[in-house]
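The values are calculated or read from the model by the stated rules, or taken from the named source; none is laboratory data. Since the structure is predicted, the reported quantities are computational estimates derived from the model, not experimental observations. A quick note on method: Cβ atoms are made from the backbone with ideal geometry, for glycine too, and the neighbour counts reach across all protein chains shown.
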Amino acid sequence: MKSRTELESDLENAERQLAPACHKLDQLVKQFAVSIVPDVESWIKKEAVHQIQENHVKVNEAGVEFVRDFKADVTSLLGDINSICVNALGQSDKWPHNKNLTQQDLYTSGQNDFFSEVFKRAVSSLGNLLDKHKLIDDRDQNRSWRRAHPKGYEYSYHPGFDGRKYDEVSTYRNLLKTHWELKQSISRLKVDIEKAKTRDLWDEV
């Protein structure tokens, strides 16, 4: 059984390892937002054209000015694509490594789902433009866009995200396991130190 001093040394060592691991996980999430920019941009362009085609009756009746205005808005949206992808990350306290995960969480699709949701939020930025130009019909039961709370629209289906394309996803998942194990070790060591304190009190009296 280790002494209190040995346990405290182990705790300091684990905490020293935890900080850089956490920093690296933060950086991987932020880098992911940079890496998806080309794919998000491409997706939005294709979906914009798709919605024009799906609404061909209305678009052809409205004419070239309608298309010009819509295309200008899409171009303006894409001008902010970097910020859109960063904002799609959401609050940092909701990132997987900043949540209280169970061991089972490490071996489920949860982490991939996180990155998939980020991608989906980014491409869903097109929704408000589609609504602005009346290219979304809430009465359509088979629509590919739906209202999102608290406001706006989101893409209804899986947007075709493949986490295997991005090195950040696999690196994050592997490092997350190390990060989780360190946090568990720190928790156990803190309990062991408190127990060691009681042993020391016993020996003192």
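The set of residues in the range 25-55 that are of a type in the set (Val, Ile, Thr) and out of contact with any helix residue (DSSP H, G or I) (no Cβ under 6 Å at 6 or more places or on another chain) comprises VAL29, VAL34, VAL49.
All conditions in (1) surrounded by fewer than 16 Cβ atoms within 10 Å (Cβ to Cβ); (2) among the acidic types (Asp, Glu); (3) closer than 22 Å to VAL169 by Cβ hold for GLU41, with the sole exception of (1).
The residue list ASP131, ASP137 contains one member that is out of contact with any helix residue (DSSP H, G or I) (no Cβ under 9 Å at 6 or more places or on another chain), more than 30 Å from GLU15 (Cβ to Cβ) and not in a helix (DSSP H, G or I), which is ASP137.
Only one of the numbered conditions (1) part of a helix (DSSP H, G or I); (2) exposed (fewer than 14 other Cβ atoms within 10 Å of the Cβ); (3) modelled with pLDDT under 95 is not met by GLN17, and that is (2).
A single member of GLY63, GLY127 is among the small types (Gly, Ala, Ser), free of Cβ contacts under 8 Å to residues at least 12 places away in the same chain and farther than 22 Å from TYR172 by Cα, and it is GLY63. Number of residues in the range 35-67 that are among the basic types (Lys, Arg) and either assigned to a loop (DSSP other than H, G, I, E, B) or under 34 Å from the mean Cα position of the chain (by Cα) (or both): the value is 2.
You will find that of PHE70, PHE32, the residue that is at pLDDT 95 or above, within 23 Å of ALA122 (Cα to Cα), within 12 Å of the chain's Cα centre (by Cα) and among the aromatic types (Phe, Trp, Tyr) is PHE32 and no other. The set of residues in the range 133-187 being in contact (Cβ under 8 Å) with a residue 40 or more places away in the chain and at positive phi consists of LYS134, GLY160. For the range 73-104, the set of residues classified as assigned to a helix (DSSP H, G or I), surrounded by 14 or more Cβ atoms within 10 Å (Cβ to Cβ) and at pLDDT below 95 consists of PRO96, HIS97, ASN98, listed by residue number. Can you tell me which residue is modelled with the lowest pLDDT among those in the range 176-205 that are small (Gly, Ala, Ser) and crowded, with 17+ Cβ neighbours inside 10 Å? For the range 176-205, the residue satisfying everything is ALA196. Taking (1) surrounded by 12 or more Cβ atoms within 10 Å (Cβ to Cβ); (2) of a type outside the set (Lys, Arg); (3) not in a helix (DSSP H, G or I) in turn, GLU168 satisfies each apart from (3). Number of residues in the range 44-72 that are surrounded by 18 or more Cβ atoms within 10 Å (Cβ to Cβ) and of a type in the set (D, E, K, R): the value is 1.
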